[in-house]
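Asks: Would you mind keeping the following structure in view while I ask a few things?
The values are calculated or read from the model by the stated rules, or taken from the named source; none is laboratory data. All of these numbers come straight from a predicted model, not from anything done at the bench. Using ideal geometry, Cβ is built from the backbone for each residue, glycine included, and neighbour counts are taken over all protein chains shown. We work out accessible area using only protein heavy atoms, side chains counted, and drop any ligands, DNA or RNA first. Shrake-Rupley method; radii C 1.70, N 1.55, O 1.52, S 1.80 Å.
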Amino acid sequence: MSAALPQRGQTRRLGISGTRGVVGRCRDFSATALADWEWMPPGGLARPPGDDPYAWDTSTDTAPDWDEERRAVAEDVLMVVSELVTNACLHAGGPLELVLHCTSERLRIEVSDASPVPPRPRPHADPAVPGGHGLVVLGRLARAWGSAPRAAGKTVWAEVSAPRRP
């Protein structure tokens, strides 16, 4: 486990008002937390010059190195944050709070809003038509996701597994 992360984990909260620039603010907040928890390589998400993100060394058939593992998981986390916050903006009047709870095994991402309507995947969304794919993306990137009612609205959550340490 990272020395930067307490044994019982850590929770960070961001109160949100309005929808202007909120996705970027939430991504920045999340990226800072990931860096603090050592879920992101020291250089952030930037790749070394000439580094092919899709290259896989088939001659050795080994897993990606630690920095590449962290980079991949961090990219997934930031995409999940973007999807949850965007959905709150589009379908629920905007998010009220972003909560990140990190342990050595996983990160739980929660976005709360004022709408009591739970998220529903669109049936048979046409892949050629923009929109309606956020929950499909969420289902592929998160190990689990769901929603829970609150006194005023709901919380939509997703969990992402921690990067595998070498």
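Asks: Please compute the modelled spin-label separation between Arg13 and Val117, points set 7 Å along Cα→Cβ, answer in nm with one decimal.
Replies: 2.7
Asks: While we're on this one: Pop out the carbon and sulfur fraction of the accessible area of the range 85-161 as a percent, whole number, probe 1.4 Å.
Replies: About 58 percent, which is the carbon plus sulfur part of the accessible surface.
Asks: Can you tally the net charge around Arg143? Count Lys and Arg as +1, Asp and Glu as -1, for every other residue whose Cβ sits under 14 Å from the Cβ of Arg143.
Replies: +1
Asks: What length, rounded to one decimal in nm, is gained on full extension from Ala152 through to Val99, with 0.36 nm per residue of separation minus their alpha-carbon distance?
Replies: 17.4 nm
Asks: Calculate, in nm to one decimal, what Asp28 and Arg164 gain on full extension: separation in residues at 0.36 nm each, minus their alpha carbon distance.
Replies: Numbers: separation 136, 0.36 × 136 = 48.96 nm, distance 2.32 nm.
Here the segment from Asp28 to Arg164 would lengthen by 46.6 nm.
Asks: While we're looking at this one, here's another question. Give me the net charge of Glu69's neighbourhood, meaning all other residues with Cβ under 10 Å from the Cβ of Glu69; Lys, Arg count +1, Asp, Glu -1.
Replies: Values: positive: Arg70, Arg71, Arg164, Arg165; negative: Asp65, Asp67, Glu68.
Within the 10 Å Cβ shell, the charges total +1.
Asks: Something else about it: Give, as a single signed number, the net charge of other residues whose beta carbon lies under 12 Å from the beta carbon of Ala162, with Lys and Arg counted +1 and Asp and Glu -1.
Replies: So the environment of Ala162 carries a net charge of +1.
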